[in-house]
Amino acid sequence: MFKKITFSFLSFFLINSVCISQTFMHGLGATINVMTAKIDNHSEKYTATMAFTNFTFMPRLLFGEKENSSFSLGSPVSVGVGFAKDFYGDTHIYYGGELPLVIDFNKGRKSTPDNEDSFGWYIGSGFSYTLTNWTDGNSTEKLDSYGPLVRFGVRFGGGSNHPERATTVGLSFRPGMENTRFKTLGIAVLTEF
């Protein structure tokens with residue numbers, strides 16, 4: 001009984017100390033995603049393109065923190081709407097969201113909460129899933145796209161009035177693994193806290 005209590009106490013202490021040593025940060029902003037694929041049906045061939053402007057929330061958990069760098073596990077979740085024309089020139093309303101999970105290496109500004117360098121950057125990879133619906137007012141169709149994701153970006157100062165903030169500009173690319181193989185290019189602009 002004593003060994004179980006001691007083991008439980010030590011386990012709790014270790015888990016608690018690991019959790020306390022982790023840092024949570026987040027950012028808010030917008031992402032523009034452009035998805036494109038070559039569609040080859042038996043009756044026709046064309047290139048399908050969709051563009052979305054998404055509201056993005058980026059929570060990230062830092063680990064392996066050093067004075068000027070860190071690793072982070074994040075999920076820049078986004079939802080939004082967009083308009084596009086199909087092969088026939090008909091306009092559709094697109095709406096959907098993206099759920100990625102990424103691991104980044106961070107250097108410089110906002111690599112840690114206390115790092116207020118004037119410039120920083122990140123590079124990382126992960127996996128992303130996009131669910132898209134589009135409608136012409138009469139019917140609604142659905143498209144799922146998923147695949148590995150690579151990303152990089154820069155961070156710079158929030159100004160003298162807000163040294164605790166950073167503006168982040170990032171790019172991401174995902175080749176789709178689904179049958180249509182949509183390629184997705186994303187451009188994100190976030191304010192990080």
Exercise. Taking Cα centroids, how far is the stretch 92-108 from the stretch 130-192 in Å?
Worked result: 4
For this session: For each pair in Lys66/Lys183; Lys142/Lys183; Lys45/Lys142, compute the distance between the two Cα atoms and list the pairs where it is over 24 Å.
Result: Lys66/Lys183
Exercise. In the stretch 125-193, with Lys and Arg counted as +1 and Asp and Glu as -1 at Cβ, which of these residues, Ser172, Tyr129, Leu143, has the Cα nearest the positive end of the dipole, that is, farthest along it?
Worked result: Ser172
Exercise. Let a ≥ b ≥ c be the square roots of the eigenvalues of the Cα gyration tensor of the stretch 23-192; is it rounded (a/c under 1.5), or, if not, prolate (a/b larger than b/c) or oblate?
Worked result: prolate
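Read the figures in this text as sums done on the coordinates, not as results from a lab. The model shown is predicted, which means the values in this text are computed figures rather than measured ones. Using ideal geometry, Cβ is built from the backbone for each residue, glycine included, and neighbour counts are taken over all protein chains shown.
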